[in-house]
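We did not get these values from a lab; they are worked out from the coordinates using the rules stated. The model shown is predicted, which means the values in this text are computed figures rather than measured ones. Please note: Cβ atoms are built from the backbone with ideal geometry, for glycine as well, and neighbour counts cover all protein chains shown.
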Amino acid sequence: MNIQEFIGNFAAQFDDTDEALITPDTKFKQLDEWSSLTALSIIAMVDDEYDVILKGNDIINSETIQELFDIVCNYKK
Amino acid sequence: MDNNMNNYNPFSLEGKTILVTGASSGIGREVAIQCARMGAAVVITGRNQERLQEVIEQLPPEAFKGCVAADLTVPEQLDALIAALPPLDGAVLSAGNSTTLPLQFGTREKFDDMFGVNFFAPVELLRLIYKKKVLNKGASVVLVASIGGTHSFMPGNGVYGASKAALNSVMKYAAREFASRRVRVNSICPGMVDTPLIHRGTITEEQLAEDAKRYPLGRYGRPVDIAHGAIYLLSDASSWLTGHDLVIDGGFSV
C-alpha cells in the first residue's frame, strides 16, 4: 500500500474537486464537495480496494488523508 | 364493568400457532415475545441457537411451540425447518439484512447477497408453506419489508431498498392468489427501527441521532412498534385486510 495510490482512489470519489488539492495533509472534511454520501463512498472504496471495513467513526476521527491512510494500514496489520 | 367487556379483545392471538423468522434478534425477537404475550403459541427460527435460547427463556412455557436454528438461505436448512413445522395460523417473516452502499459500488455480487437474504429466502419459505399446506386455511402471513422499498429514505440504501421493494411486490401477488384458501398476506414497511442492524458503525451514532430528528414523531422506531402492527395483521381484527403494506415510520414518509 502506498499513499499516492490511496490518494488517487480517494480523489476518484470527488467530481468537482481539483486533484491537486488532495494531498496527505488535506483536511478532507473541509473540502466543499464533502458530504455524507462521499463518506459512504470512501468506506465502500476502501472495502473494494483494500478489503478493510472502515467504521463511520474512523472517518470522523481522522482529520487528514494521511491519518485515514494510517488507519487503513493499521487494520491491514 | 361486566366481565364480557373486560375480556373483549379482537387483537387476541389465543389459539393461533405462529412462526417467526429472524427471531433471535431485533424486530423478529420482539414479534415472538409480543405474540406469545397475546396468547399465541410461537415457533421461532434464526441462525444463532444461543440467541434463540435467550428468546425462549423470555416466553411463557405454554407459548413455546418449537425452535429450529436455520440459515434460510441454505436450501437444506430451509427444507429442514419446513419439515419440522406444525400447521400454522400465522407467520411473520422478519429475517433480513441491510447494507449501506452507494449504488456505484452495488455490484451484482452485493445485490445477490442482499436479495438472497431479504427476498429469495422469505419468498421460498412463503411459497413452500403455502404449497405444502403448512398454512391453515385463514392463516395470516406478515412480511417485514421497509420504507426503503418505497422511498430513498437514506443515501446508500439502494441495494437494500430494491430487495424490499421486490418482497413487497410478491406480497401483493401472494395476497391475491392465496385468497382462495382465505390466507391473507400483508407486509409492514417500517422506517428506521433501533435494532442491532443499524449499529454496525458504517453510520455513526451521531449521524443516527441526527437522522432520527427527520422523523415527525421525534424518534426512530422501537421493535415493539413493529410487533404491535404485526399483532394486528395476525389477529382476526384484520380479517378483511390482505395485500396491504402497513407503513409504520413515525410519520417519515408523510
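For region B:58-135, the calculated P(r), taken from all Cα-Cα distances in 5 Å bins from zero up to the bin holding the longest distance, is 3, 13, 22, 21, 15, 11, 8, 5, 2, 1, 0 percent.
Under conditions of 37 °C and 0.692 mPa s, region B:107-254 yields 203 µm² s⁻¹ as its translational diffusion coefficient, taking Rh as the Kirkwood radius over Cα pairs in the Stokes-Einstein equation. Note that chain A shows a convex hull volume over its alpha carbon atoms of 79 Å³ per residue.
Bridging of B:LYS137 to aspartates and glutamates at a Cα separation below 12 Å is possible for B:ASP89, once same-chain residues fewer than 8 apart are set aside. Within chain A, the longest run free of GluC sites (Glu not before Pro) that sit in a DSSP loop with at most 15 other Cβ atoms within 10 Å is A:1-32. Look at the dipole of chain B built from charges on Cβ: of B:VAL123, B:GLY201, B:TYR215, the Cα furthest out on the positive end belongs to B:VAL123. Only Cα pairs within less than 10 Å get springs; with that Gaussian network setup on chain B, which residue of B:ALA63, B:ALA83, B:ALA175 has the largest fluctuation? Highest fluctuation of the listed residues: B:ALA83.
Net charge in the neighbourhood of B:ASN186 (other residues with Cβ under 11 Å of its Cβ; Lys, Arg +1, Asp, Glu -1) is +1. In whole Å, what is the distance between the alpha-carbon centres of chain A and region B:205-230? With chain A and region B:205-230 each reduced to a Cα centre, they are spaced 30 Å. Against chain A, whose longest principal axis is taken from its Cα atoms, helix A:65-76 shows a tilt of about 20°.
The sum of -39500 (n - 2.57) across all DSSP H runs of n ≥ 4, divided by the residue count of chain B, sets its helix-only mean residue ellipticity at 222 nm to -11000 deg cm²/dmol.
Using the alpha carbons alone, the radius of gyration of the protein assembly as shown stands to its Kirkwood radius in an Rg to Rh ratio of 1.05. Given q = 0.13 Å⁻¹, what are the Debye log10 I(q)/I(0) values for chain B, with equal point scatterers placed on the Cα positions and solvent ignored? After summing over all Cα pairs, the log10 values are -0.79.
Of all beta bridges that DSSP places with both ends in the protein assembly as shown, some 5 percent have antiparallel geometry.
List the GluC sites (Glu not before Pro) within region B:45-141 that fall in a DSSP loop (any state other than H, G, I, E or B) and whose Cβ has at most 16 other Cβ atoms within 10 Å.
B:GLU57
Helix A:36-50 and the longest principal axis of the C-alpha atoms of chain A enclose an angle of approximately 40°. Between B:LEU81, B:LEU52, B:LEU217, where does the largest GNM mean-square fluctuation fall for chain B, given springs only between Cα atoms within less than 10 Å? Looking only at B:LEU81, B:LEU52, B:LEU217, the biggest GNM fluctuation is shown by B:LEU217. A cut-off of 5 Å between modelled amide H atoms, ignoring neighbours fewer than 5 places along the same chain, links B:SER187 with B:LEU143, B:HIS244, B:ASP245, B:LEU246. Taking B:VAL55, B:VAL117, B:VAL74 in turn, the Gaussian network model of chain B (Cα-Cα springs below 10 Å) assigns the largest fluctuation to B:VAL74. Could you work out the local net charge near A:LYS76, counting Lys and Arg as +1, Asp and Glu as -1, over the other residues with Cβ closer than 11 Å to its Cβ? Around A:LYS76, the charge tally is -1. Rounded to the nearest Å, what's the spacing between the alpha carbon centres of region B:161-202 and region B:96-126? Just the number, please. Using only Cα atoms to place each centre, the spacing works out to 13 Å.
Dipole magnitude for the protein assembly as shown: about 2040 debye, using +1 per Lys or Arg Cβ and -1 per Asp or Glu Cβ, origin at the Cα centre.
Remark: for residue pairs A:LYS76/B:LYS164; B:LYS132/B:LYS172; B:LYS65/B:LYS132; B:LYS16/B:LYS164; B:LYS133/B:LYS172; B:LYS172/B:LYS213, the C-alpha separation exceeds 23 Å in A:LYS76/B:LYS164; B:LYS16/B:LYS164; B:LYS172/B:LYS213.
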